[in-house]
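A short write-up of the structure that comes next.
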Amino acid sequence: MAMEFDLIPQGTLLQENGHGETVVIRASTTRTFYCTMLIRDQIEQESVDVSIWGSADGENWGTQPLLKLPQQFYRGETRAVLELTLVPEVNFIRAGWDLNRWGRVAPLPMFVLGLHLAEMPAMPPHVPQSQASAST
């Protein structure tokens, strides 16, 4: 059965930098996830950077994220694919976010968003030579 979970529960109010709960992904058969971030509310003159971090032991998260979603400023949906087949040591993932506010009206940034992941079929390791030749 395919894994499906929220790294950031839908409708979460973010007002400061932070990270979400740890999710164990050992049971994933494909190690490939379709990520959907939905921003439902925000104020002007601010941005959010959301990333997905990986860990082998659930304690050490490294210095670079596995995936960094495009910086967002407005409401809407952003999609990406998280491919973990090349990092078999990763057993845990979690979301991290950084907020930036440059406006003068409200003192704190404010985003209401969620980040949902659904396991999907694995990406092919390479394009077969016959298909590559046909497309050129």
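The values are calculated or read from the model by the stated rules, or taken from the named source; none is laboratory data. Since this is a predicted model, take the numbers as computed values, not measurements. A quick note on method: Cβ atoms are made from the backbone with ideal geometry, for glycine too, and the neighbour counts reach across all protein chains shown. Please note that ligands, DNA and RNA were not included when accessible areas were found on the heavy atoms of the full protein model with its side chains. Shrake-Rupley method; radii C 1.70, N 1.55, O 1.52, S 1.80 Å.
See the values below:
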{"quantity": "Residue match in the stretch 51-74 (condition: assigned to a strand (DSSP E or B), modelled with pLDDT of 95 or more and over 20 Å from Val23 (Cβ atoms))", "calculated": "yes"}
{"quantity": "Pick from the stretch 1-13, criterion over 21 Å from Gly58 (Cβ atoms) and part of a loop (DSSP other than H, G, I, E, B), ranking: most open to solvent (accessible area, probe 1.4 Å)", "calculated": "Met1"}
{"quantity": "Contacts under 8 angstrom Cβ, first residue in the stretch 52-66 being free of Cβ contacts under 8 Å to residues at least 40 places away in the same chain, partner basic (Lys, Arg) and buried (at least 17 other Cβ atoms within 10 Å of the Cβ), 6 or more apart", "calculated": "Ser55/Arg94; Trp61/Arg94"}
{"quantity": "Of all residues in the stretch 87-120 being closer than 23 Å to Thr63 by Cα and of a type in the set (Val, Ile, Thr), the one that is most open to solvent (accessible area, probe 1.4 Å)", "calculated": "Val87"}
{"quantity": "Criterion (surrounded by 16 or more Cβ atoms within 10 Å (Cβ to Cβ) and over 30 Å from Met1 (Cα atoms)) met by exactly one of Glu16, Glu83, Glu46", "calculated": "Glu46"}
{"quantity": "Where Ser55 falls short, out of the listed (1) open to solvent by less than 10 Å² (accessible area, probe 1.4 Å); (2) of a type in the set (Gly, Ala, Ser); (3) closer than 13 Å to Leu113 by Cα", "calculated": "(3)"}
{"quantity": "Residue list for the stretch 19-37, filter: open to solvent by 50 Å² or more (accessible area, probe 1.4 Å) and either aromatic (Phe, Trp, Tyr) or in a strand (DSSP E or B) (or both)", "calculated": "His19, Val24, Tyr34"}
